[in-house]
Amino acid sequence: MPLNENDRSFPVKLVSPDGELYTARAISLVVPVIDGYLGVLKHHAPMVAALDFGELLIRTPEEHIVSLAVAGGFMEVTRKEVIILCDAAEFREDIDITEATKQLRAARERLQKKFSGVELERAQVALREAENRLKVARHKERKHIVE
């Protein structure tokens, strides 16, 4: 499909350890980065950013909003495309709220134990991931990036 000069879309590829989750064109992205959220449009300056826990939003050329819970990773913006490498990512509609609630409860219980070093860090990451998944899952389907 040839693209015209008025086309506002750009290619996006989202990859997690589970494989390629999303490959399509987008009009805009809102990405959780270490110091807040970053918006990306076509012709964004090339950059690399570290991802944080949060909700990744993709606005498609058809004006749909794709929502994912992401947990860390990196995003590379080039002149041609955006590549997002996530430590973990899950589409909002695929998150089971009951299961996410159980994981959150388990993560909180795990933090009650006396851990140190790597085990404490793993427990804290599990808690942040569980909280994020539940927060994203509870969002209603979006019609707009900002609501």
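Quick notes on this one:
- Of all residues making up the range 92-121, the number that are surrounded by 13 or more Cβ atoms within 10 Å (Cβ to Cβ) and basic (Lys, Arg): 3
- Only one of the numbered conditions (1) under 16 Å from Lys135 (Cα atoms); (2) touching a residue at least 12 places away in the same chain (Cβ under 8 Å); (3) of a type in the set (Ser, Thr, Tyr); (4) surrounded by fewer than 18 Cβ atoms within 10 Å (Cβ to Cβ) is violated by Thr60, and that is (1).
- Boolean, Glu81 is in the same structural domain as Ala45 (by TED's automatic domain parsing) and acidic (Asp, Glu): yes
- Some residue of the range 31-47 being part of a loop (DSSP other than H, G, I, E, B), touching a Ser or Thr at 6+ places or on another chain (Cβ under 6 Å) and free of Cβ contacts under 8 Å to residues at least 40 places away in the same chain: yes
- Condition check for Ser28: surrounded by 13 or more Cβ atoms within 10 Å (Cβ to Cβ), within 20 Å of Arg92 (Cβ to Cβ) and not hydrophobic (A, V, I, L, M, F, W, C): yes
The values are calculated or read from the model by the stated rules, or taken from the named source; none is laboratory data. On a predicted model such as this, the values are computed, not experimentally measured, just so you know. Please note: Cβ atoms are built from the backbone with ideal geometry, for glycine as well, and neighbour counts cover all protein chains shown.
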